[in-house]
Every structure is written in structure tokens, then in C-alpha cells.
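To keep things clear, I will list the structure first and then write my remarks on it.
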Amino acid sequence: MPVLLRNSDRSRALRVHAAGQPARFFGVVASTAAACVLCAQADAVRADELEGVEEMVVVGDERAPMDVLAGASTTRIDVDQGLLEGARLDDLLAEVPGVQVRRLGGAGGSVELSIRGSSPQQVPVFLDGIRIESGLTSRGDLSTVCLDVLDEIQVTRGAGAARAGSGGIGGLVNLVPRKAQAEPETRVRIGGGHFGTVEGSVRHARMLGPWSVNAAYCGLQTDGDFKFQRERPSSGGGFSPIERRRNNKADRHTTLVRLGRDFESARLELTQLFTHLDRGAPGLETNQRRADERGASLLSVLRLSNPDAVDDESAPSHLWQWKATLAHRFEENRFRDPEGLGGSLFPSKIGTTLQSVTPRLSTTRIHTGFGGEHSFSLLVEGRFDHRASNEAKSKSRWGGSARVEVTSAWFDNRLRISPSLRLERFDGLDAEWIPALFVEMDLTDWLRLKASASRSYRAPSFQELYLPDKGFERGNEDLRPEDAQNVEFGVRISSPFESDWLDGEIEFTYFLAEIDRSIVFQKVSPSTFAFVNLDASTNRGHELTVTWRPHDWIRIVASRTVTEARLDSNDERLPGIAVSQTDGRIELGPRDRFKLVGEVHYTGRLPNNTAGNDFLASRVAYDASAAVDLVPLSFTPTFPTLESLWLTVRGRNLGNVALRDTSGFPRPGRSGSITLEGVF
Amino acid sequence: MPTRFNFLVTFLLGPALLGCPGDASDGQAPLRILNSTASCLTIAAKFPSGLAKIPGNDREAVAIQFDPPALFRVNLETEPPTSAFVPPPLPEVLSTCSSGVDSDSDGIADSDRSVALGIPRCRKPQPGTVRPLDPTRAAVTTSDIEQVLFLDPRDGSLRHIQLDAPAAGPGFDPDDWFFWPLAGVTPYRTAFSTITCVDGPGFVDSLGDPILAPLRCDPLVNGFRTNLTADVAVVGSRLFVATSNLIQAPRYAPGTVLVFDYDTSIDPPRVGPHATNAVILTSAYNATSLTPYQTPSGRDLLLVGLTGAIQGDGSAAVTPAAIDVVDTDTLTLIATIPLGLTGLGFSGLAIDPSNRLALAGSALRRQLVGIDLAALDDPTLGLGPQTLPIVLDGMTPGFPDARVFSESNPFALPKRPDGPLDTVCFSQTSVDIKDDGSFALASDRCDGTMTRLFISLPASRLTAIDPGTVLTVDRRIDVAAPLLPSSTGETRDIGRVLIRDGTPTVDFQGPDVYYLAGEEAASVCGVRIDAL
């Protein structure tokens, strides 16, 4: 689907004037606040009552190179378009075929990702190629990152361990941060929504002499409490009154700073991402608690590279690239429950810090010969993790990996084959060999075939290994890594017709993964849960995406994912994986002026256990958004540097139905948000 | 257009477009669909807390769903068992907490009332044992909200009783029973509180430390507030309640048996704490079960199962277990049978039809304990000059040893070869005895097995029971899966066992044995042991 970025003129100097504009901004925010107050009063009155691979063609600015293999099922998501729709990171990811998002609350609630039936721990999350999922839990909580600091999201479905190492069994997510543009630019966004939600961001990018500077801040604050209908078991004994989800507040801050400088034959980049999150942890709806969690993380990445091809004078047909990276991540988590855990009479306070250091060196040599173009790359990486906690002894773990990868293209780039081999070893675990083969072929201009086969694995996390023995729960130092074999086949048919009314694509992918020794948290004794390795399971299914663009103003996408994730021993479905998902989306309007979007999301039954006798019923939810640039409409006074001023209104769950992505964690009913974004 | 007008439009646009947030109530309520399996009735939550026969009804039993709390009347003739009705929910009212359950029907949410009376944090009733008292009324113990709840086995609805507390006197202080109305006020309720303050000099907990006075109790003396309501039993016109009094495992306050007058001559029955002897302290910690027992001479006794203080993970006992004997007429603890660090099981005693042998499971090991009830035959037991309670361990002159299986010689059940290691899974066992006394059946929670045991008792009550021959293993039956990762998806984590009365296929159809299971889903399961 072509994504047309706004052809904004970014040649002006940047200043935000104090007069005029803030009044309009505050007017919108104030009106939103008024809406919330009115609704709160209404609540008070009621208190007397009960209770294909999608590849996007980008026009305009330079986009981040996609660091994935040809033939991999990767979707690139344009963040700016998502922001125009008032979407959050989880909204955008939920539309990707094969991806299932588990939201455990409202605006600031925890968000987990499952790809093709995987567990959240089997989907590592990267920021510009560096892992940012929790080193403690191996789980990436996407609620800690806001869209404003990102340029693009790349979602690879299927085995990513060959590229990413440990964890990439279901796939991987690469968050590409914003970079400085040639022309300076400032964006200010402010918005509000139901449940006392206020969010905003400021982004600025420019060149300061030889340095490119990109800085962004985004923040969100929400009271979070919402009304919901309680889950009712079919066996009886329950009914579904309207209750209030309490202790759901969240306060999140994210900053990103990127500095870059080009030297004669190299480029130096420093990236720092800081996140801070403070939120309530109400727990299960049947036993809401007053616990809260606080987390902060700082990722620092120093990178030296020669991204532009450098001619090797001794062999003019050869091109050579290299990249050296040093990354450090600090993560701190605090969990507090005044009511105690596991029957304790005393408040629980758990504090954990994690430090990770990752040095990486990679080199790529491009060679033309044998009738095609060949890229040979070698990567060497080390990793050191150290965890400290107030309830357990400190633990450290070393790891290292090496990867060899070849990507060859023949017949005018119509055939691309990419074999790779990765060797990885962590302290205390055996060495893991991870082979992979990706093939992609354009039979015609409109017909593309792809296939891949690879192995993947995941080393147990610190929490799984070393969770202190509290009697009712404990870790397991005897855990073995998860192991998987993945294959997929896909076809993409683009419209061969010239007529705009027949412009579109159909993409179909079949996937199969055999996963052994999945790590789950399970009862091992009448009073105790622990992490254990399961027997083999099989995830198979298909993704079908149909895209139709009959007109520049009309874009329609429909996708359906069917996932059969079953335990081999009894052929029953794995818990938490929806039987099927169908998403439909219609977008109207010229993207540079206004945009109307309507979405429908169908989620099939959600099994709650592996016995096949307990599941959540299917449901359908509707979202919609409307965005308009006020500048061309003369709704704003003349302001020399104001290039665009987008007003966006978004509604979620317009049908006001009861939603749950997992049993025991309700999501809000109908809700909305309104944002205003100015680009200078 | 004037900028001012544009601004006004923008100002009004926000609330007009957003409206008010929804409460997720349109469309169907979120339904959690629970399907039965080939042999099990699936109910909600993780482990059903109670299963009991209905007196005089061979074809049905009652089972308790833990969350949301509900009583099921289970048809035992079908395979899988089926529920006679979809139980109604407990009523709810407005509450400052997320759960506004009003289980005692006083018009105030249980949690709000609890907080108002000085017991902090949001709570809701967590059901435990069920005891059918008559065809229209079953008593269910609940903890967190400490009470005995009354439900109707015919349709699962709440049943009323009338509260009637005695006046203040030497044996009864209304301040200790602060959930109860004052004397003379006799409201109708569907539950009564089992919270009371118990104080006295020299109380220590199971770790030997003095017990600090809890909220609402006298701060000047050693004392504790009863909690973890474990079992309920009716003997004559008295209703007894066992409370475990857990502080935080393995720290327990002394166990108690609360005594209530229970007058069933009127409808609804009237209940009130006994005026002079409402609290009986047990000889060991952690009172978990009550078993009424009538001696051959017609004396009504109450056998109190005391598990002893145990570790939270069930790995070991910290203090000894015992079976206390209460005279229900004099309301005194007359004898105790020490069992050592066996961790007496939670499911109560199974008594053979000749009233000779009482067996119990274990909360810690794959074993059974047992006592000889002939030791209680003496109608004057506990009525003489001896210091009470009389210890029936063979060391008290003039009194027999009531122990058959105890710490020094437990009855070990056979282990499943492919079951989990004993060092990983600390098993719990439960036992029941066939109504004709021909065999006993013991369940093992970790292994998912039942062991069928032949019973061979001496003909005369005067002949001592031989521990070596009274029980012999007939066979081990693998009724469910062991608690292992490889069993994921299968029924396992089995608990209380119940043997149907009568002869299979002659007196009843369907399975002859039932049990509770906690994984993968809470279930009431039937299995054919002798039934073809």
C-alpha cells in the first residue's frame, strides 16, 4: 500500500509563538476535560444504581533500511500515519496479520504480543537493532514506548532467531527511532481522552553544524479507572454487574535523543532512550488489588559505521560495509502490594535492577559475480546481563554469538536466496546452532513467491531460572531452552491491471512451527507453582491479506489469521491463542488533507487452558477515527512556520462490548480521544 | 471566518465528538464457556472446595464452586455428572470495593461491613467445606469473610436462619463477637459470623512466640481473632465450627471449635453462640475438620481433626497433628490422640460402618493415619478426676492407645512409578470407606491415583487392631494424570474422594466413585472402580 507522506516544507526556522496558538490548543484540551467532567457527573447520578508481507512504498523522506532477510514476512508500519489516526502502538500492531495483541487494561495498561501462536517471551523487541525487552522476564511490554519517538515499526512474523538470536521463535519487532532530517522540524502534539487521559509530545530534529540532532519527548497520564462488565462462567453462580476497574492509573514518560555525525569514511551515532512508567497493578478482576509497579530504563547505543558503500580500489566490483555497536541498558523495576502476596500478612515490596551490555561488530561485503549480486555478512556479538534483587542473590550471565549470512540475488533481482548460520552460547547452557534459509522469487511483475525454513530457540530468562522460592512459587534452574523449527510458504499477487479500480494485492502465507520445551508457569505441587518445560506443541496456520485501492481516496484492507496452536500430546489448543482473527479497515480521503478510517476487529474463541473445556467467547469490536488538517481550511490564523495542524478524533470499541484479551483482565468499553498535532 | 468563531467551533467540537465513555455493557456479557469432559463436570475457578453426599439421596451429591461461590447439586447417575440446575449468583449491593457480595443478606456488602467493623481491606467469601444438614439446607464454611453460609441444595439459593445471641455473662462477652447483633435483636440472615476474639494468658503461636492482640480484640491481653473457617457439623441441637486460626504459614494461633446453639424446631432455625461455652480450645494447632461420632453406648462425641502447623508449600509439619475428642453434651475436650508430624489431611475422618476404625488422609505425604474408636467406648471417659484432655497414646495409665497409624507407623500408599518426585510434589491424600465396610479408597493428589484397600477388623472390639493387617492394598488405579509438565491438558490434581453407597448397577447406575480435580479446570469427576 503506498504511503504518501506529507510533502511538507521543512526549510523554515523553528519557533513556537506564545500568542494565539496555545489558546486553540487549550480550547480543545479544555473541551475534552469538560466532556470528562460531564461524564463524571453523569456517573455520579448513576451511582444510585447498581452495577502480504505488507510492503509499503514510501514517497518523500528517507526511511530506515529494513534489516530483514528477503523472503521473511515483514510488515513495515508508518508511525506518522498511525499518529494521525490517534492510534497507539498496540493499535497498529493489532492490525498486522499473524499478530495477536494482549492488552491487560486501559490506556496505560500492560501490552503483550504473540505472533503466530507464540508466547510473549518468544517475540523479542528491538529498538534500532538492540534488545529492549525485559532481561528479567524476556517479555517486551510495549506500553512503555510511545509512537512519537518512532519513525517506523517493523514486524517480522516467523522465526527470527537466525537474525536476532535467543527468543525469536514467534517473530520479532524492531522499533525504528526517528532520525534527523535534512531540514529542521518541530512537532508538538497534545491530546486527551476518556478516563482522565492526557498525553502529549514534543519532537525536534535539525542539523547543528555537522551534527544531526533528534530529540523527542512523549508523556501520558491517565486515571485509568473504567467501568466494565464482569466475566460470567457458563457453569453458573455469577452474573455480570457493571463494576469499576480500580487502581488503573498510569504515568509514562519517554525521551529519545539521537546524535549523529558523518566523518570522511564513517558515521557516528549515539542514541539514548529513557522510559519511566508508574502505574497501578489491579490484577484479576475477581480480586482487584492496590498493588503498583514502577519501572525505568535507559538504553544507550553508540554506533560507528560506514553505511555508504565504500569502493575497494583493489576490486572495483566489491563493496564493503562495517558497523561497530556498543549498547548498555539499565532497567529498574519496583513492585509493591500493600496487601501482601501468597497469603502474606505483610506488604510485598520487590525491587529488581538489570544491567545489560552488548558489544557488536558486523561487516558486510558485497560481491558481484556468478551472474548475480552477493552480500556476505559476518556478525559477532557479546552480551553480559546482571540482575540484582532485594529478594534474591545477584545473578550474572555471559553470552556470545556469531552469525554468517549470505544474500544472493540473480536474474535482475528476481530470485533472492539467503542462507545463514548463527552460533550462540549463554553461560550455563549448551551452544546453539541456528541455521536458516530464506528464498524469494518474482515469477512475474505481479507474482511473488517466498519460502523459508529455520531453527529458533529461547534461553530461559532470569525470572524463570531464579525466581526465589516463596513456597507458593519458585523458579527452576534446571530449565532447558525452548527449541523450534519453523517453515513458511507464501505468495503475493499484485494487480496486473492498469486500471486504478483494480489496484490491489492478495497475500497468503502458510506457517508451521514445531516448538519443543516451551517454558510455562504451572502447578507442580498442591500449593506451589513453578516454571517447567512442556512437551512439544505445534503452531500452524495461515494469514490472508487483501488490499484494494480503487481510488486515491479509498483504501480497503482485510486480513484473516487462523492459528492452530496445539499441544502434541492431546491435540488440544494452547491457552491464550485466538482460534482466528479477522480485521477489516477502510480509509477514505486524501492523506495530505483529511482521513476517515473505520475498522472492525473480530477475535475468535480464546482457550483458557489446554484441556479444551474452558474458553472465552468470540467478539467483534469497532474503531474509527477522523483526522483533518486545519491549515488548508483557514481554521487557524496565519503562522509562518506552521505547516500543518492536524485535529484527530478516535473512538475505540464503538459498540461498547465487553472485551478481554485474556481471562480476568477486562478492557474499557466505548472510549475516545482527541489530539492536535502541529508541525513547524 | 472570524478566528473567534473558529475557536468556538473547535471548543465545542471536543465534547461533541467524544461523548461519554461506555461501560462495556452493550451486547452479550463476557461469557466464559465451560464444557464438561467425558467423565467430569467442569465448573469455574481452579479447585472446587467441597463435595459431600446428600443424606438419604444416593443419586446426587453437592459440590461447591470456589469462585464465583455457588452450590451445585450433582447428578451422579449420568456420565459425566451433570448439575441439576444453573446455580444463581450471590446477591450484590453497592460497595466501596470491587466486589459487593452480600452473602449474609443484611443489605450491606460483606466487605464494607467487615471494614466498618475494623477488619481492613476488601474481602469476599471464599467457600470451603459443604455439609448438607437436611434436604433444604446445606452449611458452607467461608473464609476471608469468616462465616457459615446456608444454601438450598434444591436450587442453590440462599436460605435464611435467625440470629439470636445470648446476653452478656461470665461465659459470653458480646464485645468478642462483634459481628453479632446484641441480645434481643434477632435478625434473619443467610449466614452467621465465625469471628470472635479469644484471649487468655500465655497464648503462644505454633512457632512459640506470644500472640499480639489483633484489631478489635482486647489489646491488653494475649489473644487472637478466629479465622480460616474450616468445617461445620451439627450434633443434636448444637452446631460446631472448626477454625484454623492461621497467622501466616507456618505460624498459627491455637485451634478452636466454636459452639452454637442450633434450634431447628422453628423455621427458619435459630442460631447463636453458646452462652457459657462458645469457644473450645484444641490441644494442637490448625483445626481443619469435624467428624460427629456416636459411641456404641449412644454418647455423642465430636472428633476434631488437627493438622498441626505446616509449611506454606506443604513440605513439612512444624507441630504435631492430633485428633481431639469433644463431648458434645458437656462441651469439653475430654481426650486427644496425638499423631505426630503427619500433617493430618483436610478432608476429615472416614469411619467404617462398625464404628471401629477411623481413617484420615495426610496434608503432606502419600500416607494415611488411623485411630481405633474402641478407645472411646468407655461412657465415663473424661468424666472422672483425670486431667483433661486424656492423652490416648498408650502412655496414660488406665487408658488405651487409640493410635493405629501415626507418625511412627503411617500407612504408606503405593507410589505411581511415573509420578512426580516426592521432593518436588508434596502430596495430599483423602480417604473414604465403603458403606458396607468392605474397602477403603484413598486418593493421591500428586500421582492422580486411587488406592483400593481391603479392611480387616477384629471381630471383637476388645481385640486390638493390628496395624499390619487391618489394611492391605488391593490395587492402585490411575484415575487421573500425575502433576507433571507432561500431563498438561489432562485432568489432574485430584482431591476429596467420595464412594457412593450401595451396589453398582443394582442400587445405582453410573460411576461408583467421585472426586474433585483442580487442573486443567475445576471439575467434579466420576470413575468406575467396581462399577462395570
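The values are calculated or read from the model by the stated rules, or taken from the named source; none is laboratory data. The model shown is predicted, which means the values in this text are computed figures rather than measured ones. FYI the Cβ positions are ideal-geometry reconstructions off the backbone, even for glycines, and counts take in every protein chain you see.
The table below lists the values:
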item: When residues of the stretch A:345-402 are limited to those that are farther than 20 Å from A:A161 by Cβ and among the acidic types (D, E), the one surrounded by the fewest Cβ atoms within 10 Å (Cβ to Cβ); result: A:E391
item: Selection count, the stretch A:523-555, where residues are within 13 Å of chain B (Cβ to nearest Cβ), surrounded by fewer than 18 Cβ atoms within 10 Å (Cβ to Cβ) and part of a strand (DSSP E or B); result: 1
item: Test for A:L284: is it under 20 Å from B:P69 (Cα atoms), of a type in the set (A, V, I, L, M) and modelled with pLDDT under 95; result: yes
item: Residue in the stretch B:83-101 that is farthest from A:R230 (Cα to Cα), counting only those that are part of a loop (DSSP other than H, G, I, E, B) and more than 9 Å from every other protein chain (Cβ to nearest Cβ); result: B:A84
item: Hey, B:P80 more than 10 Å from chain A (Cβ to nearest Cβ) and in a loop (DSSP other than H, G, I, E, B) or not; result: yes
item: Hey, A:K470 surrounded by 15 or more Cβ atoms within 10 Å (Cβ to Cβ) and either over 20 Å from A:L172 (Cβ atoms) or of a type in the set (A, V, I, L, M) (or both) or not; result: yes
item: Wholly within the stretch B:246-287, strands (runs of 3 or more DSSP E) carrying at least 1 residues that are within 23 Å of B:G345 (Cα to Cα) and within 14 Å of another protein chain (Cβ to nearest Cβ); result: B:246-248
item: Where a residue in the stretch A:630-656 is at positive phi and its partner, wherever it lies, is at pLDDT below 80, with Cβ under 9 Å and at least six apart; result: A:S634/B:M1; A:S634/B:N6; A:N656/B:G27
item: Residue match in the stretch A:583-602 (condition: outside any strand (DSSP E or B) and either of a type in the set (V, I, T) or within 14 Å of chain B (Cβ to nearest Cβ) (or both)); result: no
item: Residue count, the stretch A:411-443 (criterion: among the aromatic types (F, W, Y) and crowded, with 19+ Cβ neighbours inside 10 Å); result: 2
item: Search result, residues across the stretch B:455-494 that are within 18 Å of B:A360 (Cβ to Cβ) and over 24 Å from the mean Cα position of the chain (by Cα); result: B:I455, B:L457, B:I465, B:P467, B:V470, B:L471, B:V473
item: Leading residue by the ranking (nearest to the chain's Cα centre (by Cα)) among those in the stretch A:134-159 that are at pLDDT below 80 and buried (at least 24 other Cβ atoms within 10 Å of the Cβ); result: A:G140
item: Residues of the stretch B:288-324 that turn out to be of a type in the set (G, A, S), assigned to a strand (DSSP E or B) and more than 14 Å from chain A (Cβ to nearest Cβ), as a count; result: 4
item: Which listed residue, of B:G502, B:G518, B:G468, is within 14 Å of chain A (Cβ to nearest Cβ) and surrounded by fewer than 23 Cβ atoms within 10 Å (Cβ to Cβ); result: B:G518
item: Residue that is surrounded by the most Cβ atoms within 10 Å (Cβ to Cβ), among those in the stretch B:325-343 that are among the aliphatic types (A, V, I, L, M) and assigned to a strand (DSSP E or B); result: B:L339
item: Checklist (1) touching a strand residue (DSSP E or B) at 6+ places or on another chain (Cβ under 6 Å); (2) at pLDDT below 95 applied to B:R121, failing item; result: (1)
item: Qualifying residues in the stretch A:652-670 (those that are within 22 Å of the chain's Cα centre (by Cα) and under 28 Å from A:V628 (Cα atoms)) - the one farthest from the other protein chains (Cβ to nearest Cβ); result: A:R652
item: Residue tally, condition farther than 12 Å from B:I64 by Cα and not in a strand (DSSP E or B), over the stretch B:506-524; result: 8
item: Check on A:S618, crowded, with 18+ Cβ neighbours inside 10 Å and either modelled with pLDDT of 90 or more or more than 10 Å from chain B (Cβ to nearest Cβ) (or both); result: no
item: Some residue of the stretch A:466-482 being within 25 Å of the chain's Cα centre (by Cα) and either more than 14 Å from chain B (Cβ to nearest Cβ) or at positive phi (or both); result: yes
item: Residue check for A:S408: farther than 23 Å from A:I169 by Cβ and buried (at least 16 other Cβ atoms within 10 Å of the Cβ); result: yes
item: Filter pass, B:A44 being within 11 Å of another protein chain (Cβ to nearest Cβ) and either over 28 Å from B:A116 (Cβ atoms) or part of a strand (DSSP E or B) (or both); result: yes
item: Residues (more than 23 Å from B:D104 (Cα to Cα) and in contact with a Phe, Trp or Tyr (Cβ under 7 Å, 6 or more places away or on another chain)) located in the stretch B:47-80; result: B:F47, B:D58, B:R59, B:A61, B:L76, B:E77
item: Matching residues in the stretch B:185-212 - criterion: being of a type outside the set (D, E) and more than 30 Å from B:G107 (Cα to Cα); result: B:G200, B:P201, B:G202, B:F203, B:V204, B:S206, B:L207, B:G208, B:P210, B:I211, B:L212
item: Unique match (being among the basic types (K, R), over 20 Å from the mean Cα position of the chain (by Cα) and within 10 Å of chain A (Cβ to nearest Cβ)) among B:R121, B:R154, B:R59; result: B:R121
item: Out of B:D104, B:D155, B:D176, sole residue that is farther than 27 Å from B:K46 by Cβ and in a loop (DSSP other than H, G, I, E, B); result: B:D176
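Yes/no per residue for (1) outside any helix (DSSP H, G or I); (2) closer than 21 Å to A:R203 by Cα:
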site: A:I77; (1), (2): yes, yes
site: A:Q81; (1), (2): no, yes
site: A:P97; (1), (2): yes, no
site: A:G106; (1), (2): yes, no
site: A:E112; (1), (2): yes, no
site: A:Q121; (1), (2): no, no
site: A:L136; (1), (2): yes, no
site: A:S143; (1), (2): no, yes
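Table: residues versus (1) under 22 Å from B:G518 (Cβ atoms); (2) surrounded by 19 or more Cβ atoms within 10 Å (Cβ to Cβ); (3) not charged (D, E, K, R).
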residue: B:P48; (1), (2), (3): yes, yes, yes
residue: B:L51; (1), (2), (3): yes, yes, yes
residue: B:Q65; (1), (2), (3): yes, yes, yes
residue: B:E79; (1), (2), (3): yes, no, no
residue: B:C122; (1), (2), (3): no, yes, yes
residue: B:T129; (1), (2), (3): yes, yes, yes
